[in-house]
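One structure below.
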Amino acid sequence: MSEPTFDAVVAARHSCRAFLPEPVADEELLEVLALAQGAPSWCNTQPWQVHLVTGTATAAFAAYLSAAVHDEAPTPDLPGPERYEGVYRDRRRASGYALYASLGIERDDHARRGEQMLRNFSFFGAPHVLVVTTDPLQGVYGAVDCGGFVSTLMLAAASRGLGTCAQAAVAMYAAPVRRFLDVGEDRQVVCAIAIGRPDPDHPANGFRTERASSDEVVSVVTAPPGHVDAGRGPAGA
């Protein structure tokens, strides 16, 4: 069987929210992690560190986090979005509505919506979870580099038929994450990534989010803007 093309991997990858319970072999997980190390980073700093939670530790971590979410306030290391406006609000709502529709959850069924949200902290049933941290001294671009690593890892996993879901919700509770994993204050929790084999029959895996066309996000510049003197740089320089 031929290897999937990069185009096919990108098209196939999606956020998996239901996993089969059978674990993935350690060798396969480590191979995916090794491939993700090829992600680019600022001056090759590679600020990410990864905790791979597996075996009985996964269920223990899920139980610990679920209890913390019930008893503690959020303690994110990195600020979340200030608010969602315009197209970002629309895309976020469309994604949530598509998920709830796939599960038969009505928009006003806040109890079931809350239950689905809490599945973040049991990693949607994944047998493994990765926690990605960054060096706070690397600032915003350290987190940006970690995002590149996360994307590369998810595509590497998809190329091997594995499902992933990047989870900012887990990072919102950085304090209990840090306690459970014994992560020092010299690291910031960026996100978790649930990983395993997708459950192909679960309805949560049966929908796909829409993507903006490149025309909506790309501005092609073929000549200097009118306010710039091409020979001198920005106006007034």
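Quick note: the coordinates plus some simple rules give every number you see, no bench work behind them. Only a predicted model underlies this, so the values are computations on that prediction, with no experimental measurement involved. Using ideal geometry, Cβ is built from the backbone for each residue, glycine included, and neighbour counts are taken over all protein chains shown.
General observations
- Across the stretch 189-233, the residues whose backbone nitrogen lies under 17 Å from the label position 7 Å along the beta-carbon direction of Ala101 are 203-212.
- Only Cα pairs under 8 Å and 6+ residues apart enter the sum, and on that basis the relative contact order of the stretch 6-234 stands at 36 percent.
- Net charge over other residues, Cβ less than 14 angstrom from the Cβ of Gln167 (K, R count +1; D, E count -1): +2
- Exposure proxy ranking for Thr58, Thr152, Thr164, based on other Cβ atoms within 10 angstrom of each Cβ and starting from the fewest, stands as Thr152, Thr58, Thr164.
- Computed from Cα atoms alone, the Kirkwood hydrodynamic radius reported for the chain is 19.8 Å.
- For the stretch 130-173: rounded, prolate or oblate by the Cα gyration tensor [a/c cutoff 1.5]: oblate
- His227-Ala212 pseudo-label distance in nm [points 7 Å out on the Cα-to-Cβ vector]: 2.1 nm
- Spatial separation of Cα centroids for the stretch 161-212 and the stretch 114-134, in angstrom: 5 Å
- Cα gyration tensor, the stretch 104-237 - rounded (a/c under 1.5), prolate or oblate: prolate
- In summary, the helical segments of the chain meeting the span-like criteria, namely a full DSSP H run, a Cα extent along the axis of 20 angstrom or more and a mean Kyte-Doolittle hydropathy of at least -0.5, are 56-71, 139-159.
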